[in-house]
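Participant: First the structure, then my questions, so here it is.
Readers should treat all values here as calculations from the given coordinates under stated rules, not as data from a laboratory. Please read these numbers as outputs of a predicted model, since none were measured by experiment. With ideal geometry, Cβ positions are generated from the backbone for all residues, glycine too; neighbour counts draw on all protein chains shown.
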Amino acid sequence: MNPETVNKAITRRHLFRDCGVGAGKVALLSMLGERAFGARHHAPKIENVIYLFMAGAPSHLELFDYKPELVKWDGKPTPESLLKGKRFAFMDSFSKETPKLLGTRRKFEQRGKSGMWISELLPHIAGVADDLTMLHSVCSENFNHGPAKLFANTGSFRPGRPAIGSWVTYGIGSESKNLPGFVVLQSGPRGPRGGAALWGSGFLPTSYQGIPFLPAGDPILDLSTPKGVTSDEQRQTLDAIGDLNRSRFSDTGDEEIATRIGQYEMAYRMQSSGPELIDISKESKETMEKYGAQPGKASYANNCLLARRLVERGVRFVQLYHADWDHHEDISKPLDAACRDIDQATAALISDLKQRGLLEKTLVVWSGEFGRTPMGEVREKGKIGRNHHIDSFSLFMAGGGLKPGISFGASDELGFSPTDEKIELHDLHATILHLLGVDHLKLTYRYQGRDFRLTDIKGKVLQKILA
Amino acid sequence: MLSLVYFLIAGYVYAQDAASLETKVLPVLRANCFACHNDKNSTSGLSLESRESLLRGGNRGPVVSTSGSNLLVDALRQTGTLKMPPGRKLPDAQIELLEQWVKAGTPMPASMLKSRRPGADHWAFQPVRRPKVPTATKNPIDAFILDRLAKVKLSLSAEAPRATLLRRVSLDLTGLPPSPKELADFLNDPRPDAYERAVDALLALPHYGERWARVWLDIARYADSDGYTIDAPRDIWHYRDWVINALNNDMPFDRFVIEQMAGDMLPNATRDQLIATGFHRNTPSNFEGGIDFEQYRVEAVADRVQTTGAAFLGLTLGCARCHDHKYDPVTQREFYQIFAFLNNVDEVDREADRRDFNKPFLPVGKPDEMKAYGAWEAQMQALEREMNAYKSSIPGTGQIGDPGVVERQRGIDAHRRRMPKITRTLIMRELPAPRQAYVHLDGDFTRRGANVEAGVPSFLPPLNKKEGRATRLDFAQWLVARNNPLTARVTVNRAWQKFFGKGLVDTENDFGTMGEKPTHPELLDYLAAEFMENGWSQKAMHKQIVMSATYRQDSRLRADAKAVDPENRLLARQTRLRLEAELVRDSALIASGLFAAKLGGPSVYPPLPAGASNVTQVKREWKTSSGPDRYRRGLYTYFQRSAPHPGLILFDAPDGTVTCTRRIRSNSPLQALTLLNDEAYFEFAQALSKRILTAKESSDEARIKEGYLLALNRPPAETEAARLRKLIAAQRDSGRDDQAIWIAVSRVLLNLDEFMTRE
């Protein structure tokens, strides 16, 4: 058996024997995995996902959920009926006196042929309005950042569950042979709250964990050959390791050795594919300008460009984190700045993918962990911000399998609660899996006597937004 | 006499009514209620299928009472918020009938008096009975294994080569490979009990405690930081050291459990017994701004229940947090009864105590440090007393913003910042009055169900409680009572899993009805009985396992065995196992000669690949240790939950947020990159090459042999040596000097599958 065949045999055997799982049985154990063997439950609409995570929770009321009534009621005390029985973050300070409603100061306009409402803060995104599938009235289950981020990423606000990217690569593997299947990129003044738990593989094998890529230097930890070791020498070293491992394999018959031989070869390939990936110097000037990217600079713009390059190379799940959207104190200038950070590059990513014919097989998701209250929050005299709000917020998607240029779900006149369909993040997860050809009810992993799934005991595919 | 007659007559009348009521009521219940409220599903914790469960009530509390209002009738009449059956209403006549039945004391036929939770007759819930050993062999383990193998016409493999055997048992008992000298001594020891002597020596090494502590720390979800959002450092390494010492002293496992679960409640608890209770303080803590502290305290308690279930009982108790367990006879109410044992720790549960968020803790330090801390603390208390006195002297509403309060608070804050250097290890400390536990409807702590008192599941032996309320200490003692059917079985099974790669019960954390049955049920019970009757000695149990012929077998694949037993569950051979994350590092430290043997102490900071800590909200500095601390065992590496050291996590170390009873062994290219290119491993290779170059003989041949002995504990086969000579020749051709050449050879050795494998 050559290592490649052995590899397949062993990964299958491994999963059948050790994992005892449902659909995931046929997934690859290998992180880089080859194409999974018909692991999908139905024909996929998309192959890749780029999840733009806006860490800190952007205000839907300033960006996408236009509420003229709220503007009208600006400064009025919040009706008690709205607050009754509700729990909020910063309960002690927030509830000292009845909070006042806060109408947005931003101008909204209907954009594109679809007439989607988008605020003046996001002129570039407004330019691709007809490619967006906007969801309003999305809700979360936890009003604190760390747990809510866990919830948005793993379907549970408690630590210990696999991230969505882990589920996906566990379920259907990845096309890329030279790069990890689940890659994490980040930008902004600080990392996302929760850190590694947000892309951890939970109870799934750690080969499915998200791999953070660094924007400069080695994109992957330990990717460079040690100082003083030439690439010829690295190759010779690897050849010796391979030969000696092969002889051990024939002596012991342990197929794990065959797998290891294959993984060392992949590691070697990654040593060239990694630097090639982050080298954006060969991108055209036009492209660089479109994104606002600059070689060697750690920025959201560069990460968006890298995300495109990653999906081009077959990486299944790319997640970008951009901090920080947590505008308690002040919803004016700090929000302007956050929007400037992401507006141009997000729009560029969507149109670039489209231009290259990649948007049909890629899903772009843009979302925070929750939204922000229709009530203002005053922490400092003369400034006003918004608190965490989980009952209703907005997010958008763009890409294959979706109806473009539509808005789905609606909140009440104040942007407080859903009036129409209440969309849970479990539904978003179910829909993402569905587009990838995976039934969220069937992608399971047995752990502690229970078949766990990404959507826990909930989740429904949002049929009405599917093309 | 007269009253007796009267009583008999009344009883007779009652029986008459009861019989007729029964016959009329049962069809109504059956048609309308049993579909949801049965012994198996018991929706909302309520089963009406037996009188016992009916009287017990559901998650909202009792549903019947013979006097006055009761929930069952109210729900049927649909007068309140709870309306039954869902979506419709029974005819009035039927409701009246049921009401009469309730007033009569809900009589039911004899066959329906007792509740029958399915699963109570499951094998794992039956008492441990010492079985008869099938045949006389030196080690009873082998008798059970051989007996089972004989049924498929197989037998054990031959004993592994002696060098392999010593490497195996050294790695399994101490987590470290033998040194060339230890190996030579063993190979040259002609005494028939040479192996046993080696085993005894290994069990006596302090490294035994380190190796097995790491196994326990997985279960304890040990980490050096708080987790969640802020993920600040916490002081808990004293607990880690307590585990190491307890194992090295072979503390009986029952005491090991009691001290960790409730050491603080033992009479005259010692400092060490307090430190031991850090076990259940390893739960992640959320101190993000704007949280409801009670919510995360509840999370921690629920985690303790779940961890206790997995660690000792092999039960998936967490499944019963929101509803009755779907497969095992654990009810939701019973989950909260166990919850009640663990719910009374004096932890932060409100915003006002935010500053104190690590409480309760125990200050630990050298005598002078303790003295300084004591003085500081006394001063702090004085300041707080003064503040309180001042506050009560001014009108209540004026306190916020009062200049006196502000000034005093400033003083307190300043004093807090002057806290002398000391470790404050997290411990358990019981509140003077326990919190009232209650069923959390659907697992939501804001939705109060019926109050519950501390207790254990009814399908397991009862708690041996003295007077009054059952405490956490009673619970701890119950876990390790001789009649507890689970703890000993679960513990020996987990040890077996370490020595063979799989437990006798493959689902090591699920001994419930969904778990796998043991491959060798009698062996499991033999080991469990032996464990308990041998004074719960872990060292004795480990020794018995590693002394068996079953353990000592060759691990090479056997075609004949593979055909009948592809997964090697019957153990016609040993199994090759990739080393655990920490042990990969430890083995490289030993091979390189850099190993620093220091036991215990604060966690350390070996080199971290650039950029690895760049992933969290609060960037924490990683001050790479210098000197010996750079070369400590993997278990001492500082573990930050939101950014764990990649050298650990890439090799499947658990993330320390939830209990982990089994390590997965993945095989990934990132592991290869770590061992090939990481700064730490390159340093190990350099050090190994120096050892090779300073060996007595300087021929390539001798040096290759030296390298093999140092890294793999065996001399190379001729083909292997030839392959390395080929590498050396190629390097010489390209003009590399000796230093570079032997670094290359060392890198090869430290990257071989065999190097990171226990064969």
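Participant: Place +1 on the Cβ of every Lys and Arg and -1 on the Cβ of every Asp and Glu in the range B:366-421, take the dipole about the Cα centre, and give the residue among B:Tyr373, B:Ala414, B:Met387 whose Cα lies farthest towards its positive end.
Facilitator: It is B:Tyr373.
Participant: What is the order of A:His328, A:His124, fewest Cβ neighbours within 10 Å to most? Let's see the in-between values first.
Facilitator: On the way: A:His328 25, A:His124 19.
By the 10 Å Cβ count, ascending: A:His124, A:His328.
Participant: About the Cα centre of the range B:366-421, how large is the charge dipole given +1 on each Lys and Arg Cβ and -1 on each Asp and Glu Cβ? Please answer in debye to the nearest 20. Intermediate values should be presented prior to the final figure.
Facilitator: Details: 10 positive and 8 negative charges, 38 e Å.
Rounded to the nearest 20 debye, it is 180 debye.
Participant: DSSP loop (so not H, G, I, E, B), at most 10 other Cβ within 10 Å: list which trypsin sites (Lys or Arg not before Pro) in the range B:667-759 pass both filters.
Facilitator: Working: sites: B:Lys690, B:Arg691, B:Lys696, B:Arg703, B:Lys705, B:Arg723, B:Arg725, B:Lys726, B:Arg732, B:Arg736, B:Arg747, B:Arg758; in loops: B:Lys696, B:Arg736.
Answer by residue number: B:Lys696.
Participant: If you place +1 on the Cβ of every Lys and Arg, -1 on the Cβ of every Asp and Glu, and leave all else neutral, what size is the dipole of the range B:413-525 about its Cα centre, to the nearest 20 Debye? If you can, show how the numbers build up before the last one.
Facilitator: Numbers: 19 positive and 13 negative charges, 188 e Å.
Dipole about the Cα centre, nearest 20: 900 debye.
Participant: Would you order B:Val199, B:Val243 from fewest to most other beta-carbon atoms within 10 Å of each residue's own beta-carbon?
Facilitator: B:Val199, B:Val243
Participant: Between the alpha-carbon centers of the range A:342-401 and the range B:171-223, tell me the distance in whole angstrom.
Facilitator: When both Cα centres are located, 56 Å separates them.
Participant: Would you grab the residues whose amide H sits under 5 Å from the one on A:His388? Only those 5+ places off in sequence or on another chain, please, with H modelled 1.01 Å from N.
Facilitator: So A:His388 has HN proximity to A:Ala89, A:Thr373.
Participant: What does the average come to when, for each residue of peptide B:636-647, you count the partner chain Cβ atoms lying within 10 Å of its Cβ?
Facilitator: The shielding value for this peptide is 3.
Participant: Report the one residue of B:Ala672, B:Pro609, B:Ile141 whose Cα lies farthest in the direction of the positive end of the charge dipole of chain B (charges on C-beta: Lys and Arg +1, Asp and Glu -1; origin at the Cα centre).
Facilitator: It is B:Ile141, whose Cα lies furthest towards the positive end.
Participant: While we're here: Report the paramagnetic label zone for B:Asp442: residues of the range B:295-331 whose backbone N is under 16 Å from a point 7 Å from Cα along the Cα-to-Cβ axis.
Facilitator: Only B:321-324 pass the distance filter.
Participant: Could you sort out which of B:Lys181/B:Lys696; A:Lys76/A:Lys381; A:Lys86/B:Lys326; A:Lys285/A:Lys403; A:Lys177/A:Lys227; A:Lys113/A:Lys297 sit more than 24 Å apart by Cα distance in this structure?
Facilitator: Where the Cα-Cα span goes over 24 Å, the pairs concerned are A:Lys86/B:Lys326; A:Lys285/A:Lys403; A:Lys177/A:Lys227; A:Lys113/A:Lys297.
Participant: What do you get for the angle between helix B:293-308 and the principal long axis of chain B? Use alpha-carbon atoms, 0 to 90 degrees, nearest ten.
Facilitator: It is inclined by approximately 70 degrees.
Participant: Short version: ³J(HN,Hα) in whole Hz for each residue of the range B:691-698, in order, from phi by Karplus 6.51 cos²θ - 1.76 cosθ + 1.60 (θ = phi - 60°), x for Gly and Pro, what are they?
Facilitator: Karplus values, whole Hz, x for Gly and Pro: 4, 5, 6, 9, 5, 4, 8, 10.
Participant: Same structure, new question: Cα to Cα, under 21 Å, and not fewer than 8 places away if on the same chain: which lysines meet these conditions relative to B:Lys539?
Facilitator: B:Lys138, B:Lys498, B:Lys502
Participant: Report the antiparallel proportion of the DSSP beta bridges in chain A as a percent, rounded to a multiple of 5. If you can, show how the numbers build up before the last one.
Facilitator: Values: 24 of 50 bridges.
Of those bridges, close to 50 percent are antiparallel.
Participant: Determine the equivalent ellipsoid of the protein assembly as shown by diagonalising the alpha-carbon gyration tensor, then write out the semi-axes as square roots of 5 times the eigenvalues, largest first, rounded to whole Å.
Facilitator: With the √(5λ) rule applied to the protein assembly as shown, the semi-axes are 49, 43, 32 Å.
Participant: Relative contact order of the range B:679-758: what whole-number percent is it, with Cα pairs under 8 angstrom and at least 6 residues apart? Please report the intermediate quantities before stating the final value.
Facilitator: Numbers: 58 pairs, mean separation 30.6, N = 80.
Once normalised by length, the contact order is 38 percent.
Participant: By the scheme Lys and Arg +1, Asp and Glu -1, what is the net charge of all other residues having a beta-carbon under 11 Å from that of A:Pro77?
Facilitator: Cβ neighbours under 11 Å give a net charge of 0.
Participant: Can you tell me the 0 to 90 degree angle between the C-alpha axis of helix B:206-219 and the longest principal axis of chain B, rounded to 10?
Facilitator: Relative to chain B, helix B:206-219 is tipped by roughly 40 degrees.
Participant: Which loop-located trypsin sites (Lys or Arg not before Pro) does the range A:282-372 contain, where loop means any DSSP state but H, G, I, E or B and the Cβ has at most 13 other Cβ atoms within 10 Å? It would help to have the intermediate numbers written out before the result.
Facilitator: Values: sites: A:Lys282, A:Lys285, A:Lys290, A:Lys297, A:Arg308, A:Arg309, A:Arg313, A:Arg316, A:Arg340, A:Lys354, A:Arg356, A:Lys361, A:Arg372; in loops: A:Lys297, A:Arg313, A:Arg316, A:Arg356.
Answer in residue order: A:Lys297, A:Arg356.
Participant: Let me ask another. Can you put A:Glu286, B:Glu759 in order, fewest other beta carbons within 10 Å first? Numbers along the way, then the final one.
Facilitator: Values: A:Glu286 7, B:Glu759 25.
With the fewest neighbours first, A:Glu286, B:Glu759 line up as A:Glu286, B:Glu759.
Participant: So what's the back-of-envelope 222 nm ellipticity for the protein assembly as shown, counting only DSSP H runs of four-plus at -39500 (n - 2.57) apiece and dividing by all residues, rounded to 500?
Facilitator: It comes out at -12500 deg cm²/dmol, rounded to the nearest 500.
Participant: Compute the distance from the alpha-carbon center of the range B:66-115 to that of the range A:101-147, in whole Å.
Facilitator: What the calculation gives is 52 Å, centre to centre.
Participant: In percent, how large is the relative contact order of chain B, given Cα pairs closer than 8 Å and 6 or more residues apart?
Facilitator: That works out to 16 percent.
Participant: Could you work out the relative contact order of chain A? I mean the mean sequence separation of Cα pairs under 8 Å and 6+ apart, divided by the number of residues, in percent.
Facilitator: Computed over chain A, the figure is 29 percent.
Participant: Which chymotrypsin sites (Phe, Trp or Tyr not before Pro) in the range A:282-360 sit in a loop by DSSP (not H, G, I, E or B) and have at most 12 other Cβ atoms within 10 Å of their own Cβ? Before the final figure, lay out the partial values.
Facilitator: Values: sites: A:Tyr291, A:Tyr300, A:Phe317, A:Tyr321, A:Trp325; in loops: A:Trp325.
Passing sites in the range A:282-360 do not exist.
Participant: Another question, if that's okay. Can you give the convex hull volume of the alpha carbon atoms of chain A per residue, in Å³?
Facilitator: Spread over its residues, the Cα hull of chain A gives 150 Å³ apiece.
Participant: Using Cα centres only, tell me the gap between the range A:178-207 and the range B:425-479 in whole Å.
Facilitator: If we compute the Cα centre of each part, the gap is 37 Å.
Participant: Among rounded, prolate and oblate, which fits the range B:56-167 when a ≥ b ≥ c are the square roots of the eigenvalues of its C-alpha gyration tensor, a/c under 1.5 means rounded, and a/b larger than b/c means prolate?
Facilitator: Working: a/c = 4.76, a/b = 3.60, b/c = 1.32.
Verdict is prolate for the range B:56-167.
Participant: Something else: Taking the Cα centre of chain A as origin and charging only Cβ (+1 Lys, Arg; -1 Asp, Glu), how large is the dipole, in debye to the nearest 20?
Facilitator: On the way: 60 positive and 56 negative charges, 138 e Å.
In debye, rounded to 20, chain A gives about 660.
Participant: By how many degrees, 0 to 90 and rounded to 10, does the Cα axis of helix A:425-435 deviate from the longest principal axis of chain A?
Facilitator: That helix lies at roughly 50 degrees to the long axis.
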